[in-house]
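Below is one structure; the comments refer to it alone.
The values are calculated or read from the model by the stated rules, or taken from the named source; none is laboratory data. Computed from a predicted model, the values in this text were never measured in an experiment. Note that each Cβ is placed from the backbone with ideal geometry, even for glycine, and that neighbours are counted across all protein chains shown. Just the protein is used for accessible areas: all its heavy atoms, side chains included, with ligands, DNA and RNA removed. Shrake-Rupley method; radii C 1.70, N 1.55, O 1.52, S 1.80 Å.
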Amino acid sequence: MPISKIVIVGGGTAGWMAAAALSKIKEGEGARPDRPLDITLVESEAIGTVGVGEATIPPFVDFNSLLGVDEAEVMAAVGGTFKLGIQFSNWGQVGQSYLHPFGQYGYEVDGVAFHQIWQMMREHGDKRPIQVFSPETMAAYFNRFAKSEMLPQRGDLPSINYAYHLDAGRYAKFLRDFAETRGVVRKEGKVADVALDGESGFVCSVKLEDGTSIEGDLFVDCSGFRGLLIEQALETGYEDWTHWLPCDRAVALPSNRPGPPLPYTKATAHSAGWQWQVPLQHRNGNGHVYCSKYMEADEALDILLANIEGEPAADPNHLRFVTGRRKKFWNRNVVALGLSAGFMEPLESTSIHLINTGINKLMALLSLDGVDQAQEDAFNRLTAKEYVRIRDFLILHYKATSRTDSDFWNYCRTMDIPDTLEEKIALFRANGQIFREEDELFTATSWVAVMMGQGIEPGGTNAMAYSLGRDVLKTEIDGIEQSIRYLVNAMPPHEQFVEKYCPAT
Ligand SMILES: Cc1cc2nc3c(=O)[nH]c(=O)nc-3n(C[C@H](O)[C@H](O)[C@H](O)COP(=O)(O)OP(=O)(O)OC[C@H]3O[C@@H](n4cnc5c(N)ncnc54)[C@H](O)[C@@H]3O)c2cc1C
């Protein structure tokens, strides 16, 4: 059946990102006058949105390009700041801290990964920490930021990688304005019923509490954790990953920001979970993610209140979730995006990223001629792979701990892990090798940063590193370190950059 009506259920970050992206098809220059496309988004103010989700990762920067909007304009509208990575404290051991930077350590030389070169130089007595070879780490430590094109060119170094911290409420509003201007119709109301076609089992309409029926050919389920269409109507099923990612609660609480905004997110582990700090121009976002098996809500809130910087700026928002993923993300004529598709907890800010890649895949597969099993299968296969790779990287943070100070950390340290992750750790312990599986999101630098940051050391050096002359390598890595110093010195303080480039409107 041809697609002429797309219905998006839900108006959180997922719903409005989908609406904004799909509105490009509707209003694009090549839009077919003989095939008008209606896009309707239904949301309920009474239900509201999850209200969190403010840290992103670098691929998200391209979403602005997809929409064709100016970065500085978006950042001003959302009170955004820049993010160069995540600082993890108390994960390997209490009192220890490391930064997982975006970008990479140094660069590959003759096909040999930089961390292998660094490891070989270390064997030869070079004492420099690997962090001095990451421009993002050094800029973060010195609280500086600039985009590469605004800096003196150092041809030997890749561009500075960054992402955004953004106010979720303001971002949804920005996208709503964008989508509505391009013809997306918003309907306020609570979906009370979902009608399925008796023969195909496809969703044919959603019915609002006031009796309005909204028909569609393709439905995008962005209804959040409840999965109104994908689960409640189609009973797709959920793969529960709680045994590997045991946190299942969060309490969020914004606060005013006493100091300048940091160009990185903070993730600080506590006795049964961890706390985030996301700096925005007008406030800090904070929250405590914890495991209800080992901690009560009151204690989680007390810990959060005792550890936030600045004064609380709202009432605490308590949230529940089950880590895992929907068994299918595309089922019949329903595509789930955002929390209705799954949730793997916010540790590496991957949720908005998965919305983004879900939209990219949907746009790539979408045909106005109708829905085909091949589209569904491709979407599900590719998305499942993405989830598994991200899942393994998240589990690593919990597993690679030496903490023995609480039942929660004792559980994490000793839990079974998926074979895929077991193999990755074993290989690194054997000779420091990291294989990036196909188009996996996290790079070798990410894996190395977390493994070494939490005490997993490379057991040896890849033989190929020795094929490179030591003196040549020393000159090479000295050059990298100097270029990074030069670049970071040329950057203004992060706060100054934000004030000049994208002051909040
Ligand atoms: C504690 C926590 C921290 C997070 N931190 C991050 C982070 O730092 N980075 C990141 O990338 N992601 C993060 N996330 C995930 C991120 O918040 C979500 O991916 C993002 O907000 C998208 O949510 P959503 O739009 O899917 O759902 P929601 O925001 O819950 O929106 C659901 C929408 O559906 C509507 N709806 C529901 N039922 C009905 C109904 N019956 N009728 C009509 N409308 C209905 C609601 O009104 C709402 O508009 C975090 C999540 C949690 C829980």
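Results, tabulated for the structure shown:
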read-out	value
Residue tally, condition in contact with an Asp or Glu (Cβ under 8 Å, 6 or more places away or on another chain), more than 15 Å from the ligand (Cβ to nearest atom) and either farther than 22 Å from residue 242 by Cα or of a type in the set (Phe, Trp, Tyr) (or both), over region 266-298	2
Long-range neighbours under 6 Å by Cβ, at least six apart or interchain, first residue modelled with pLDDT under 95 within region 295-308, second of a type in the set (Ser, Thr, Tyr)	none
Filter result for residue 245 (part of a loop (DSSP other than H, G, I, E, B), open to solvent by less than 20 Å² (accessible area, probe 1.4 Å) and within 30 Å of residue 384 (Cα to Cα))	yes
Only listed residue being in contact with a strand residue (DSSP E or B) (Cβ under 6 Å, 6 or more places away or on another chain), buried (at least 22 other Cβ atoms within 10 Å of the Cβ) and of a type in the set (Asp, Glu), chosen from 240, 197, 221, 217	221
The one condition in (1) away from the ligand (no atom under 16 Å from the Cβ); (2) surrounded by fewer than 19 Cβ atoms within 10 Å (Cβ to Cβ); (3) touching a residue at least 40 places away in the same chain (Cβ under 8 Å) that residue 377 fails to fulfil	(3)
Which numbered condition residue 181 fails, given (1) of a type in the set (Ser, Thr, Tyr); (2) open to solvent by 20 Å² or more (accessible area, probe 1.4 Å); (3) in contact with an Asp or Glu (Cβ under 7 Å, 6 or more places away or on another chain)	(3)
Qualifying residue in region 492-499 (condition: among the β-branched types (Val, Ile, Thr), out of contact with any Gly (no Cβ under 9 Å at 6 or more places or on another chain) and not in a loop (DSSP other than H, G, I, E, B))	no
From 258, 346, 263, residue being open to solvent by 10 Å² or more (accessible area, probe 1.4 Å), under 23 Å from residue 446 (Cβ atoms) and either outside any helix (DSSP H, G or I) or within 16 Å of the ligand (Cβ to nearest atom) (or both)	346
Count of residues meeting criterion [more than 18 Å from residue 52 (Cα to Cα), surrounded by 15 or more Cβ atoms within 10 Å (Cβ to Cβ) and in contact with a His (Cβ under 8 Å, 6 or more places away or on another chain)] in region 285-323	1
Scan of region 115-147 for residues that are touching a residue at least 12 places away in the same chain (Cβ under 8 Å), part of a loop (DSSP other than H, G, I, E, B) and within 25 Å of residue 470 (Cβ to Cβ), ordered by number	124, 126, 128, 134
Filter result (more than 15 Å from the ligand (Cβ to nearest atom) and of a type in the set (D, E, K, R)) within region 158-179	177
Subset of region 362-374 [within 23 Å of residue 19 (Cα to Cα) and surrounded by fewer than 19 Cβ atoms within 10 Å (Cβ to Cβ)]	363, 364, 365, 366, 367, 368, 369, 370, 372
Residue check, residue 226 more than 19 Å from the chain's Cα centre (by Cα) and either modelled with pLDDT under 95 or within 30 Å of residue 315 (Cβ to Cβ) (or both)	yes
